[in-house]
1. Given the criterion within 30 Å of residue 73 (Cα to Cα) and at pLDDT 95 or above, identify the matching residue among 88, 105, 98, 93.
2. Looking only at segment 58-74, decide whether some residue is part of a helix (DSSP H, G or I), at pLDDT 90 or above, within 25 Å of residue 127 (Cα to Cα) and of a type in the set (A, V, I, L, M).
3. Report, ordered by the first and then the second residue, all pairs with beta carbons closer than 8 Å, sequence separation of six or more or different chains, a first member in segment 114-126 that is touching a residue at least 24 places away in the same chain (Cβ under 8 Å) and outside any loop (DSSP other than H, G, I, E, B), and a second member that is open to solvent by 40 Å² or more (accessible area, probe 1.4 Å) and not polar (S, T, N, Q).
4. Please list, ordered by first then second residue, the pairs with beta carbon atoms under 9 Å, 6 or more apart or interchain, first in segment 93-106 and more than 10 Å from residue 57 (Cβ to Cβ), second surrounded by fewer than 12 Cβ atoms within 10 Å (Cβ to Cβ).
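The values are calculated or read from the model by the stated rules, or taken from the named source; none is laboratory data. Because the structure is a prediction, the values reported are computed rather than measured. Using ideal geometry, Cβ is built from the backbone for each residue, glycine included, and neighbour counts are taken over all protein chains shown. Calculation scope for accessible area: heavy atoms of the full protein, side chains included, ligands and nucleic acids excluded. Shrake-Rupley method; radii C 1.70, N 1.55, O 1.52, S 1.80 Å.
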Amino acid sequence: MEEALAKAAETRSTDVEGKEGVVSVPGGVVMDGRDIGTTIFPNAELKIYLDASAMARAIRRWDEMNSSLKQARDKTPADADSAPAANERTPAEYPSVEDIARELEERDYADINRQHSPLRIAKDAVVIDNTTMTFEQQVYNIADLARDRMGLERKHDDL
């Protein structure tokens, strides 16, 4: 639903107008989105374009889905041998990693080729390919980029 709304030019324009006011918040703002640095905040002080292979993103998403399933199972009593609730998926119902990768590639293609506000890398963005990075490495790398922009000392030069 959210993706369908974001595709509509009118909705995207309204969305942009609503977010522009956030820029004036004291202390800055951190935002995540496919067109934040090109459409929403084109004058941001630091723009980071995180990239990863479709397969790496698919594996992460698959891991999240299975982690959610495991957490849900851990909350149910051990002796409960009932069928899953109507809104719960069984492991066999989850898409394969390959299917997820294909869906991500299709979404990327659609976003890059949409008429209004297509996905693109801002000219002044720092591109980080996090395909092989740990979450911790990503956080430290981005924090150090922000420190650089603020004229502060880096804390994680060893990563």
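1. Step by step, each of 88, 105, 98, 93 is checked, and only 98 is within 30 Å of residue 73 (Cα to Cα) and at pLDDT 95 or above.
2. yes
3. 126/46; 126/48; 126/49
4. From segment 93-106, no pairs qualify.
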